[in-house]
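The values are calculated or read from the model by the stated rules, or taken from the named source; none is laboratory data. Model, not experiment: these values are computed from the prediction. All Cβ positions, glycine included, derive from the backbone under ideal geometry; neighbour counts span all protein chains shown.
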Amino acid sequence: MKTMKTIAVRALLVCSGAFFHSVSAWAAIPIQHWTQPSGAQVWLVESPAIPMLDVQLDFDAGSRRDPPAQAGLASATALLAGKGVAARGEQPALDENQLGEAWADLGASFGASAGADRMSFALRTLTDAELLRQAVQLAARELGEPAWPEPVWQRERARLSAAIQEARTRPATQAALAFQQAVYGRHPYGQDSTPETLARIQVADLQAFYRQHVQPCRARVSLVGAVDRAQADALVRELLGRLPSAGACAPLPPVAEVAPLQAAREIRIPFQSAQAHVLIGQPGYKRSDPDFFALLVGNHILGGGGFTSRLMREVREQRGLSYSVYSDFAPGLHAGAFSIGLQTRPDQADAAVAVVRQVLADFVAQGPSADELKAARDNLIGGFALRLDGNRKLLANVANIAWNGLPLDYLEHWSARVAAVTLADIRAALQRKLQPERMVTVVVGAPEAGQRNGNDR
């Protein structure tokens, strides 16, 4: 009789051979969507060429739901949820080591993580009938019956606290924390876990947070793989079937929007390091904003396009002030940060900041050139296939559609939307969203830091 591990190995060999024949099947990506009686919403892309299934379950349980005094609660909940399952009926309890061994025997994986907006659970398994059955059953137990072991939380809290303290000895961490707090203020996006906030989190808090937020009615489930709609529907019902039902799904309390900055602020933090770390930015925009594509293309030109970007040309190539410089928008359910980041020699920090500010101001005022726009559109459209060249990448795109309420044909029209962006679109969108005269500037490690720490300008 074949063991599960033998089945998994053989199926993986089949999978690796099939992968190279599957990409062309994604030229058109039909996404199916339906809502189950529990309220769970499901998105499915059938990809039969590979005997594999990837599933992502998303819940509105990210760090924006953390109480300020317990910052880190969402991440801690996601962490401990995977540290063992409780006994139920004839099924014995599994501690974290036994659970890990069970997943290894199946050649599958299941895990949780929490970001700013959502808590996500990811299942990857082969679709051999017996492997799939056991993987879904084990994932359902882990999702619905976490053990919440007190000794493990005590250990993990100590480990997390030590990691936080160690990270804060690094200039990059100091810069990121100062930037985050200055840009977001009291909004939950600006909260950061500390040893003090973790010390206020007890196992009962983890359980209560989980019960409130991880419910079938709140689930958005994305699937990509070799299953049809009927199989997917049954699979999702089983995955969510062990979660307690709360009856009517009461709405979660609203979270306030990110407040715009009222004035420029410059923060200088002393730090003995070979490189000064610089971050410049402000609140950006929500993912639902209609300017999304104009800002995607515009940011690619400004600093998101690597060596072809304007910031790279002006800061690195023409002046040699930094090896690398970038710009980025991070839209979410709320206005995620717009940021420009670089590292430079401490004695060059002021010059680098001045150049970045000037490049940004000019770009917002005038927009890109026609040549820059053409190059950016060609690059983005030409690289679009790389966003879909694997089940996990495709799943990430489907989950993006699910989480942000995007149309089911979003991927089919993505390239056309990029191609339709004009110079006027970019300039208008930038001027609506960015205020170069009201941005936060954080510099960690410049030599004159002692005289300018935390001053507004």
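Do we have Ala263 as at pLDDT 95 or above, closer than 30 Å to Gly445 by Cα, loosely packed, with under 15 Cβ neighbours inside 10 Å and within 27 Å of the chain's Cα centre (by Cα) here?
no
Annotation note: of Ala294, Ala274, the sole residue that is exposed (fewer than 13 other Cβ atoms within 10 Å of the Cβ) and touching a helix residue (DSSP H, G or I) at 6+ places or on another chain (Cβ under 9 Å) is Ala274.
Could you tell me whether any residue of region 238-250 is in contact with a strand residue (DSSP E or B) (Cβ under 9 Å, 6 or more places away or on another chain), over 30 Å from Leu342 (Cα atoms) and surrounded by 21 or more Cβ atoms within 10 Å (Cβ to Cβ)?
There is at least one residue in region 238-250 that is in contact with a strand residue (DSSP E or B) (Cβ under 9 Å, 6 or more places away or on another chain), over 30 Å from Leu342 (Cα atoms) and surrounded by 21 or more Cβ atoms within 10 Å (Cβ to Cβ).
Against the test of being surrounded by fewer than 23 Cβ atoms within 10 Å (Cβ to Cβ) and either within 16 Å of Thr197 (Cβ to Cβ) or in contact (Cβ under 8 Å) with a residue 40 or more places away in the chain (or both), the options Ala86, Ala76 yield a single qualifying residue, Ala86. Within region 38-58, can one find any residue that is closer than 22 Å to Arg157 by Cβ and under 19 Å from the mean Cα position of the chain (by Cα)? The answer is no; no qualifying residue exists.
Residues in region 51-65 that are surrounded by fewer than 24 Cβ atoms within 10 Å (Cβ to Cβ) and assigned to a loop (DSSP other than H, G, I, E, B): Pro51, Asp60. If the condition is being among the hydrophobic types (A, V, I, L, M, F, W, C) and within 27 Å of Ala376 (Cβ to Cβ), then region 269-303 contributes Val278, Leu279, Ile280, Phe292, Phe293, Ala294, Leu295, Leu296, Val297, Ile301, Leu302.
When Gly84, Gly111 are screened for being on the phi < 0 side of the Ramachandran plot and of a type in the set (Gly, Ala, Ser), only Gly111 passes. The residue that is farthest from Thr169 (Cα to Cα), among those in region 244-274 that are outside any loop (DSSP other than H, G, I, E, B) and aliphatic (A, V, I, L, M), is Ile267. For the condition at positive phi and exposed (fewer than 13 other Cβ atoms within 10 Å of the Cβ), Gly383 does not qualify.
Screening Gln154, Gln215, Gln137 for residues that are under 24 Å from the mean Cα position of the chain (by Cα) and farther than 30 Å from Arg268 by Cα leaves exactly one candidate, Gln215. Only a single criterion out of (1) closer than 21 Å to Ala78 by Cα; (2) aliphatic (A, V, I, L, M); (3) surrounded by 15 or more Cβ atoms within 10 Å (Cβ to Cβ) is not satisfied by Ala208, namely (3). Counting only residues that are within 19 Å of the chain's Cα centre (by Cα) and not in a helix (DSSP H, G or I), region 397-409 holds 2 of them. Report yes if Arg229 is within 23 Å of Val136 (Cα to Cα), surrounded by fewer than 16 Cβ atoms within 10 Å (Cβ to Cβ) and either assigned by TED's automatic domain parsing to the domain that holds Leu143 or hydroxyl-bearing (Ser, Thr, Tyr) (or both), otherwise no. Against the criterion (within 23 Å of Val136 (Cα to Cα), surrounded by fewer than 16 Cβ atoms within 10 Å (Cβ to Cβ) and either assigned by TED's automatic domain parsing to the domain that holds Leu143 or hydroxyl-bearing (Ser, Thr, Tyr) (or both)), Arg229 qualifies. Selection within region 410-421: residues that are in contact (Cβ under 8 Å) with a residue 60 or more places away in the chain and either outside any loop (DSSP other than H, G, I, E, B) or hydroxyl-bearing (Ser, Thr, Tyr) (or both). The member of this set that is surrounded by the fewest Cβ atoms within 10 Å (Cβ to Cβ) is Arg417. Tell me yes or no: at least one residue of region 290-298 is farther than 19 Å from Gln180 by Cβ, free of Cβ contacts under 8 Å to residues at least 60 places away in the same chain, in the same structural domain as Ala416 (by TED's automatic domain parsing) and not in a helix (DSSP H, G or I). Within region 290-298 (the criterion being farther than 19 Å from Gln180 by Cβ, free of Cβ contacts under 8 Å to residues at least 60 places away in the same chain, in the same structural domain as Ala416 (by TED's automatic domain parsing) and not in a helix (DSSP H, G or I)), the answer is yes, since at least one residue qualifies.
Scanning region 163-181 for residues that are in the same structural domain as Leu80 (by TED's automatic domain parsing), assigned to a loop (DSSP other than H, G, I, E, B) and in contact (Cβ under 8 Å) with a residue 12 or more places away in the chain turns up nothing. Please tell me if Ala376 is under 16 Å from Pro290 (Cα atoms) and assigned to a helix (DSSP H, G or I). The answer is no for Ala376.
Report yes if some residue within region 110-131 is within 19 Å of Leu198 (Cβ to Cβ), outside the structural domain of Asn397 (by TED's automatic domain parsing) and of a type outside the set (Gly, Ala, Ser); otherwise report no. Yes, that holds for at least one residue. Residues satisfying the criterion are present in region 211-224 (criterion: of a type in the set (Ser, Thr, Tyr), touching a residue at least 40 places away in the same chain (Cβ under 8 Å) and surrounded by 15 or more Cβ atoms within 10 Å (Cβ to Cβ)). You will find that of Leu198, Leu123, the residue that is over 30 Å from Ala337 (Cβ atoms), surrounded by 16 or more Cβ atoms within 10 Å (Cβ to Cβ), of a type in the set (A, V, I, L, M) and in contact (Cβ under 8 Å) with a residue 40 or more places away in the chain is Leu123 and no other.
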